[in-house]
Amino acid sequence: MEARRDATCVCRVRHTDRQRLMRARGRLLEDLGKAPSLTELAREAGMSLPKLTRGFRQVFGNSVYGVFQQARMAQARSRLLAGEGSVMRVASDLGYANASHFATAFRKQFGINPSEIRARG
């Protein structure tokens, strides 16, 4: 029943709005070190702020910031597994000024410390 409701929600998003949301998502994920403001993103997408935020939930199943955060953490995990720099370097590249905030977000996403994942890579 829930899957059917989700499919219905996506179908209710007009094709042009879906295209705008895809462009907005692309813009959002251009620089994982710094997300654009919601206002800026909505303006660039040619949508109102409520329509943008509602559309993200309907099409991508997450908030705008949630989509951004998932992409950031996936990038962090990939870089750490590949041995591409220290935990601090990866955190800094992804816009974290504080390593403990990065480690907390990483643990929340993956259930493991970033230093442990780097050691495995």
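Read-outs throughout are calculated quantities, based only on the coordinates presented, and are distinct from any laboratory measurement. Every value quoted in this text rests on a predicted model; they were computed, and no experiment measured them. Quick reminder, even Gly has a Cβ in these numbers, built from the backbone with ideal geometry, and neighbours come from all protein chains shown.
Residue count for the stretch 44-67, restricted to those that are out of contact with any Cys (no Cβ under 9 Å at 6 or more places or on another chain), surrounded by 13 or more Cβ atoms within 10 Å (Cβ to Cβ) and assigned to a helix (DSSP H, G or I): 14. Would you be able to say whether some residue in the stretch 68-84 is under 18 Å from the mean Cα position of the chain (by Cα), without any contact (Cβ under 8 Å) to a residue 60 or more places away in the chain and outside any helix (DSSP H, G or I)? Looking for residues that are under 18 Å from the mean Cα position of the chain (by Cα), without any contact (Cβ under 8 Å) to a residue 60 or more places away in the chain and outside any helix (DSSP H, G or I), one finds none in the stretch 68-84, hence no.
Cβ-Cβ distances below 8 Å connect the following pairs, each with a first residue in the stretch 105-121 that is free of Cβ contacts under 8 Å to residues at least 12 places away in the same chain, a second residue that is hydrophobic (A, V, I, L, M, F, W, C) and part of a helix (DSSP H, G or I), and a separation of six or more residues or different chains: 112/106; 113/103; 113/106. Tell me whether the stretch 35-43 contains one or more residues that are surrounded by fewer than 17 Cβ atoms within 10 Å (Cβ to Cβ) and under 12 Å from the mean Cα position of the chain (by Cα). Within the stretch 35-43, not a single residue is surrounded by fewer than 17 Cβ atoms within 10 Å (Cβ to Cβ) and under 12 Å from the mean Cα position of the chain (by Cα). Sub-7 Å Cβ pairs linking a first residue in the stretch 14-37 that is free of Cβ contacts under 8 Å to residues at least 12 places away in the same chain to a second residue that is of a type outside the set (D, E, K, R), at least 6 apart or interchain, are 36/28, ordered by first then second residue.
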